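**Student:** Once you've had a glance at the structure underneath, I'll fire off some questions.
The values are calculated or read from the model by the stated rules, or taken from the named source; none is laboratory data. Predicted model, so just to flag it, every value in this text is computed and none were measured. Note that we place each Cβ from the backbone using ideal geometry, even for glycine, and neighbour counts take in every protein chain shown.
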Amino acid sequence: MSRNWFFALAFAAALGAGCSLFDNRDDEIASPKPSASGVQQLAGTWASISSTTALPSTCTSFRWTVTEFSGTSGSGTFTATCLSGMAIAGTATGALSGDKITWSATATGTSNGSTCPITLSGSATLESSQIRVPYTGTVCGTAVEGIEILRQ
């Protein structure tokens with residue numbers, strides 16, 4: 001009788017362990033691995049794919065590399081080409097709220113050996129695989145505005 005009792009206890013233990021293994025596996029299957037969310041989804045380099053205007057009072061070829069994060073904000077380096085050929089370089093910050101990114105950039109423009117201050121800002125929209133970036137600002141005292149589409 002003690003032998004039957006031992007087998008019954010061993011069987012119950014094995015059955016319990018097997019159920020435990022299935023329970024853990026179900027949790028792993030039901031819980032997907034986390035992906036980038038919130039402001040972390042902005043990490044990396046975003047670059048212009050097309051400009052919606054070719055007017056000389058615009059900026060094109062945006063490139064924003066987001067490397068620092070704090071709360072709902074991201075910041076990093078920013079480059080572009082303004083006024084039909086002036087290279088600009090500086091920093092940009094953006095705060096994400098839903099699918100909107102309130103952003104601003106401060107930079108220095110360089111053309112023909114001269115430099116000048118640049119300020120750009122806007123309210124961008126994070127779309128499925130891109131960011132639509134309407135902007136306004138000043139480049140060397142000249143007003144600029146336009147829309148750029150950025151992708152990673």
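**Student:** State the number of residues belonging to the stretch 48-95 that are touching an Asp or Glu at 6+ places or on another chain (Cβ under 7 Å) and aromatic (Phe, Trp, Tyr).
**Tutor:** Adding up the residues that qualify gives 1.
**Student:** Here are some conditions: (1) modelled with pLDDT under 90; (2) in contact with a helix residue (DSSP H, G or I) (Cβ under 9 Å, 6 or more places away or on another chain). VAL66 meets all but one. Which one does it not meet?
**Tutor:** VAL66 satisfies all of (1) modelled with pLDDT under 90; (2) in contact with a helix residue (DSSP H, G or I) (Cβ under 9 Å, 6 or more places away or on another chain) except (1).
**Student:** Of the numbered conditions (1) touching a residue at least 24 places away in the same chain (Cβ under 8 Å); (2) surrounded by fewer than 21 Cβ atoms within 10 Å (Cβ to Cβ); (3) assigned to a strand (DSSP E or B), THR138 satisfies every one except a single condition; which is it?
**Tutor:** (1)
**Student:** Same structure, new question: Of all residues in the stretch 108-145, count the ones that are under 24 Å from ALA43 (Cα atoms) and small (Gly, Ala, Ser).
**Tutor:** Count: 6.
**Student:** Let me ask you something else. Tell me, please, whether a residue that is modelled with pLDDT under 95 and touching an Asp or Glu at 6+ places or on another chain (Cβ under 8 Å) can be found in the stretch 104-124.
**Tutor:** So far as the stretch 104-124 goes, no, none of its residues is modelled with pLDDT under 95 and touching an Asp or Glu at 6+ places or on another chain (Cβ under 8 Å).
**Student:** Still on this structure, please answer the following. Looking at the structure I just gave you, is LEU55 more than 12 Å from ILE149 (Cα to Cα), loosely packed, with under 14 Cβ neighbours inside 10 Å and of a type in the set (A, V, I, L, M, F, W, C)?
**Tutor:** Spelling it out, LEU55 is indeed more than 12 Å from ILE149 (Cα to Cα), loosely packed, with under 14 Cβ neighbours inside 10 Å and of a type in the set (A, V, I, L, M, F, W, C).
**Student:** Taking the conditions exactly as written (at pLDDT 95 or above and hydrophobic (A, V, I, L, M, F, W, C)), does ALA89 satisfy them or not?
**Tutor:** yes
**Student:** Moving to a separate point now. Of the numbered conditions (1) touching an Asp or Glu at 6+ places or on another chain (Cβ under 9 Å); (2) modelled with pLDDT of 95 or more; (3) of a type outside the set (A, V, I, L, M, F, W, C), GLU127 satisfies every one except a single condition; which is it?
**Tutor:** Of the numbered conditions (1) touching an Asp or Glu at 6+ places or on another chain (Cβ under 9 Å); (2) modelled with pLDDT of 95 or more; (3) of a type outside the set (A, V, I, L, M, F, W, C), the odd one out for GLU127 is (2).
**Student:** Name the residue that is nearest to ASN112 (Cα to Cα), counting only residues in the stretch 80-94 that are touching a residue at least 24 places away in the same chain (Cβ under 8 Å) and either within 11 Å of the chain's Cα centre (by Cα) or assigned to a strand (DSSP E or B) (or both).
**Tutor:** Here the residue is MET86.
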